[in-house]
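Input: a single structure, listed below in structure tokens.
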RNA sequence: GCCGCUGUGGUGAAACUGGCAGACGCGUCGGACUCAAAAUCCGAUGGUAGCGAUACCGUGUCGGUUCGAGUCCGACCAGCGGCACCA
């Protein structure tokens, strides 16, 4: 079959019939299947795109044949750093390169033959989209979920520019090699932490991979503990956060993070010089050093002590950079016997290490951080650590020195990017009025086209006067805009809401439509988004719900991660490794259907694996066999006595069994993304039909034809162009995708006889064919009659007979 | 370091709630068709021993639970992914 020709033919027909377009009339039968949209790159579609979109499209087509009104949109995550870097390198404007890339990708995506509803296409860099991204920002600001604060950025002192994390290589600027430093800038944040608890609780009900849920759970990082107030000798008070209040008695020191405000205040004159020096060194330490756990812990005594509220003991206060100011209270109580880090620190600085927990039937060498029995804690000894924790905190609460507290590892989402190619932040800064949101009626704040990309230290927007200089919407006085743009994750945090109402010019989406179309029924994309995109999208959904725009809590009900197709060497494909495999030559040689089918058959979808094209010819062979069978079937005479042929005879029953077994399995496997086994079952069915064809008995032509027809229907989602062509050849006038998916006739699957395995003392001995509905007595009779078994049993008594119906008999002697 | 996932023939991979390990393919070997090749079709194919029926071994390693373990439990090894001092 000329694959190229039929691909063009059927793609044209599908387009003409608008088969991919969602019909709102059938919204009550909607099935919203979403694939993560693409980043418009200059390269052609790579195998990863095919692997993500091909099998998922087959899933959608399957759902369509099952009677759903499917919605499978596609779009582009079009803002972002690569286009801007490309502009700096080549002088080609990001808008131009991006639009060109998008046009290119649209073309190749169409050639895949997927049922994308292009009507609903979304491009995040278009005004009619980012206008609503800005709307979203303003809504979050109104709701108190967007705020400004100082935060460090990576700064290259030589290029005088802010660097993204991925542009920092080993602490050096990717471009010029200068040492990157941290610099504080006032930036915008979204208050995702307000939703930490709900984001955590909501995971329970999601049909997501457990692994992904666990990653989000760890990312959110809930810890339940208490804040305990210490008083300094000076009378100043501070709090520490701890999950182990049961270890309070043996605190042997306190550590402040370098940024802790009391450090400067409490440092004694004698220690001042040393502390100042330490603080300077700590501020210089770059990210890599600070993050290294193997790095030796350092710290300095500040020359001041704190009083332990539970026993009045004075303990020294240190400043050390292993304590993070951004988590908890920025101050930590040091319990060397119960915490590895504290142990290391105490050992180094000769601080007391006193046991506080005795292990229960286990090795409790220090440091010992597990639960156990409390010791060395007057009044609490003998309690379990869990009991002691409560008792100690409760006592301190009565004295007003503690409170229960929950902390989350999750940080607020920094959305400012010191970049050009993104959605401008819709806020102006007025000397008189301060921060003023741009009125909704003035959206979008347009991204100007005429900018320069020379890397001279300022972002292109900052030096664009026409953009920066504006009037205050409140007082009319002079004001300037924010030179930063929004993180592209903001754009992708709500695109699934735009698709179903993509042309709405009045609002980002119509809540009535969205509440019916969402949540997304199946979301398919890479596992690398587990903690960023997928968490941000959940947060935005919940925030919009609380503003009354949505009536559902979670955007993606069910999630699947496709695996990664690696290079033939088993490593991730990359230009630098030179192991990239392009799909185009395969499409050229074998056709889109064959490549799709091969990707479905050769890999476990969620696993992926190294690319290897050894089996791709087998797929062509499989389709050729079907084609030959179709030709044969079309040449068979029409049987006028069709009704008279009731299926009987061994061969016919076997064929009927094969067909219905295939229907049952393929249906189940397609639904659960087990594409490799679905295709295997199709191959089995084809083999069974060939076997029937080759049998010497007289053919039941209507049955033969009917089985073949069912095979084509089952195949259609996986090899859509090919199946259409065969379907048409069988005399059908409408697209195969308007046909109903075949249904399994369970009665054809019940066999009169089954083969069961027979074990003696759990060892495989033989196989027997027995009636499928046989009882224990019947089995005993068969065993007695069987010569081989009788010889094995040799007159011994059967102590126990284990029967697994239709599978196995185990004779215990 | 912590958390998680994975480990099955020469090879890609199957195995639903513990029940005939290796479905379906690739490759290899043998055969048919052919002057020959390609294509196609048929058969064999986990390992070891044996002419053979058959026997023993076999799902990373070691142990456990069970009539029965690829599947459950414990310890370890290897590969991959996530987190990175979160008190």
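Observations on the model:
- Taking every residue in the stretch A:394-409 that is closer than 17 Å to residue A:237 by Cα and touching a residue at least 12 places away in the same chain (Cβ under 8 Å) and pairing it with any residue that is within 16 Å of RNA strand B (Cβ to nearest atom) and in a strand (DSSP E or B), at least 6 positions away or on another chain, the pairs with Cβ-Cβ distances below 6 Å are A:396/A:402; A:401/A:229; A:402/A:226; A:402/A:228; A:403/A:227.
Every residue, every condition in (1) at pLDDT 95 or above; (2) over 20 Å from residue A:132 (Cβ atoms); (3) in contact with a strand residue (DSSP E or B) (Cβ under 6 Å, 6 or more places away or on another chain), yes or no:
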position: A:429; (1), (2), (3): yes, yes, yes
position: A:432; (1), (2), (3): no, yes, no
position: A:437; (1), (2), (3): yes, no, yes
position: A:445; (1), (2), (3): yes, no, yes
position: A:454; (1), (2), (3): no, yes, no
position: A:458; (1), (2), (3): no, yes, no
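- Applying the criterion of being surrounded by 21 or more Cβ atoms within 10 Å (Cβ to Cβ) and part of a loop (DSSP other than H, G, I, E, B) to the residues of the stretch A:311-335, the residue that is nearest to RNA strand B (Cβ to nearest atom) is A:323.
- Being under 26 Å from residue A:21 (Cβ atoms) and out of contact with any helix residue (DSSP H, G or I) (no Cβ under 6 Å at 6 or more places or on another chain) is true of residue A:673.
- Pairs where the first residue, in the stretch A:212-233, is without any contact (Cβ under 8 Å) to a residue 60 or more places away in the chain and the second is more than 10 Å from RNA strand B (Cβ to nearest atom), C-beta under 8 Å, 6+ apart: A:213/A:203; A:213/A:206; A:217/A:200; A:217/A:203
- Any chance residue A:405 is away from RNA strand B (no atom under 11 Å from the Cβ) and surrounded by fewer than 22 Cβ atoms within 10 Å (Cβ to Cβ): no
- Within the set A:344, A:387, the sole residue that is within 12 Å of RNA strand B (Cβ to nearest atom), in a helix (DSSP H, G or I) and surrounded by 14 or more Cβ atoms within 10 Å (Cβ to Cβ) turns out to be A:344.
- Just one of the listed residues (A:172, A:127, A:121, A:142) is more than 22 Å from residue A:325 (Cβ to Cβ) and free of Cβ contacts under 8 Å to residues at least 12 places away in the same chain, namely A:172.
- Summed over the stretch A:539-577, residues that are on the phi > 0 side of the Ramachandran plot and either in contact with a strand residue (DSSP E or B) (Cβ under 7 Å, 6 or more places away or on another chain) or crowded, with 19+ Cβ neighbours inside 10 Å (or both) total 1.
- Matching residues, the stretch A:550-566, being in a loop (DSSP other than H, G, I, E, B) and under 22 Å from the mean Cα position of the chain (by Cα): A:552, A:553, A:554, A:555, A:557, A:561, A:562, A:563
- Condition met for residue A:338 (buried (at least 18 other Cβ atoms within 10 Å of the Cβ), over 30 Å from residue A:272 (Cα atoms) and within 13 Å of RNA strand B (Cβ to nearest atom)): yes
- Subset of the stretch A:787-811 (residues that are assigned to a loop (DSSP other than H, G, I, E, B) and touching a strand residue (DSSP E or B) at 6+ places or on another chain (Cβ under 7 Å)): A:798, A:799, A:806, A:807
- Qualifying helices (runs of 4 or more DSSP H) (wholly inside the stretch A:665-770; at least 3 residues being without any contact (Cβ under 8 Å) to a residue 60 or more places away in the chain, within 13 Å of RNA strand B (Cβ to nearest atom) and surrounded by 14 or more Cβ atoms within 10 Å (Cβ to Cβ)): A:675-694
- Of all residues in the stretch A:263-276, those satisfying the criterion of being in contact with a strand residue (DSSP E or B) (Cβ under 7 Å, 6 or more places away or on another chain), within 17 Å of residue A:230 (Cα to Cα) and more than 15 Å from RNA strand B (Cβ to nearest atom) are A:266, A:267.
- Residues that are more than 23 Å from residue A:160 (Cα to Cα) and touching a strand residue (DSSP E or B) at 6+ places or on another chain (Cβ under 9 Å), drawn from the stretch A:460-487: A:470, A:471, A:472, A:473, A:474, A:475, A:477, A:478, A:479
- Positions within the stretch A:771-800 being within 10 Å of RNA strand B (Cβ to nearest atom) and under 18 Å from residue A:755 (Cβ atoms), in sequence order: A:788
- The set of residues in the stretch A:520-533 being within 16 Å of RNA strand B (Cβ to nearest atom) and in contact with a strand residue (DSSP E or B) (Cβ under 8 Å, 6 or more places away or on another chain) consists of A:525, A:526.
- The condition of being within 16 Å of RNA strand B (Cβ to nearest atom), part of a helix (DSSP H, G or I) and in contact with a strand residue (DSSP E or B) (Cβ under 8 Å, 6 or more places away or on another chain) holds for only one of A:605, A:536, A:586, A:598, that being A:536.
- Of all the numbered requirements in (1) within 15 Å of RNA strand B (Cβ to nearest atom); (2) modelled with pLDDT of 90 or more; (3) over 27 Å from residue A:743 (Cα atoms); (4) not in a helix (DSSP H, G or I), residue A:617 misses one, and that requirement is (4).
- So residue A:146, is it within 27 Å of residue A:417 (Cα to Cα) and at pLDDT 95 or above: yes
- Residue list for the stretch A:419-444, filter: part of a loop (DSSP other than H, G, I, E, B) and surrounded by fewer than 21 Cβ atoms within 10 Å (Cβ to Cβ): A:431, A:432, A:433, A:439, A:443, A:444
The values are calculated or read from the model by the stated rules, or taken from the named source; none is laboratory data. This structure is a prediction, so every number in the text was calculated from the model and none was measured. Please note: Cβ atoms are built from the backbone with ideal geometry, for glycine as well, and neighbour counts cover all protein chains shown.
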